[in-house]
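K.L.:
Sending over a structure as structure tokens; questions will come in a sec.
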Amino acid sequence: MKIKQLVYISKATVPFTTDSLKELTEVANVNNEKLNVTGCMIYASGYFLQLLEGSAESVDILYRKIEKDVRHKGTKLLLESRVDEDRRLFDKWFMTSFNVDTTKDFPEELKKNIAQIIRDQKAIIPVHRLFMEFKKYLGQ
């Protein structure tokens, strides 16, 4: 079975603390579980970079809802692809998140790529590979 992977970037309308990001992630976990959507949300320099993966219908429903969320603006789609279900990157979490700004040992290559995406809306390495590297960093 094929699933959809979608990556977007957006600018937070207010700064997110570690606690507020944790709260957002907990709500996303509940909502995503209902849709069987998994993913990862990275917060850096006031931007969200998020990967969603699941059935095309569920991911599209969730993305339309995310686009209307007032906690961020300027939502831009960076990647949309169909992959086999067994290539789901974050199958252990309906949503996990990470605050790059507050992590001291975050890999420099990943920081540079995230900064490049924020500046130019492009990555030095492909966005999908960025999330694969991030998954390795999390030890999944």
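The values are calculated or read from the model by the stated rules, or taken from the named source; none is laboratory data. These numbers were taken from a predicted model, which means no experiment stands behind them. Here the Cβ positions follow ideal geometry from the backbone for every residue, glycine too, while neighbour counts run over all protein chains shown. Side chains are part of the model used for accessible areas, which takes the heavy atoms of the whole protein and leaves out ligands, DNA and RNA. Shrake-Rupley method; radii C 1.70, N 1.55, O 1.52, S 1.80 Å.
K.L.:
If the reach is capped at under 29 angstrom between alpha carbons, list the lysines near Lys104, excluding any in the same chain fewer than eight residues apart.
P.N.:
In chain and number order, the partners are Lys11, Lys22, Lys73, Lys76, Lys92, Lys112, Lys122, Lys135, Lys136.
K.L.:
Using the Karplus curve 6.51 cos²θ - 1.76 cosθ + 1.60 with θ = phi - 60°, what ³J(HN,Hα) values do you get for each residue of segment 38-48, in whole Hz, with x for Gly and Pro?
P.N.:
10, x, 8, 10, 10, 10, 8, 6, x, 10, 9
K.L.:
Could I ask something else about it? Could the peptides 26-32, 97-103, 68-74 be put in order, highest first, of the mean number of other beta-carbon atoms found within 10 Å of their residues?
P.N.:
The densest-packed peptide leads the list: 97-103, 26-32, 68-74.
K.L.:
May I ask you to evaluate 6.51 cos²θ - 1.76 cosθ + 1.60, the Karplus curve with θ = phi - 60°, for each residue of segment 18-29 and list the ³J(HN,Hα) values in order in whole Hz, giving x for glycine and proline?
P.N.:
4, 5, 5, 5, 4, 4, 4, 5, 5, 5, 4, 4
K.L.:
Keeping the other protein chains in place, figure out the carbon and sulfur percent of the accessible area of the chain, with a 1.4 Å probe.
P.N.:
52 percent
K.L.:
Choose one of Asn36, Phe98, Leu6: the residue whose Cα lies farthest towards the positive end of the charge dipole of the chain (beta-carbon charges +1 Lys, Arg; -1 Asp, Glu; about the Cα centre).
P.N.:
Value: Leu6.
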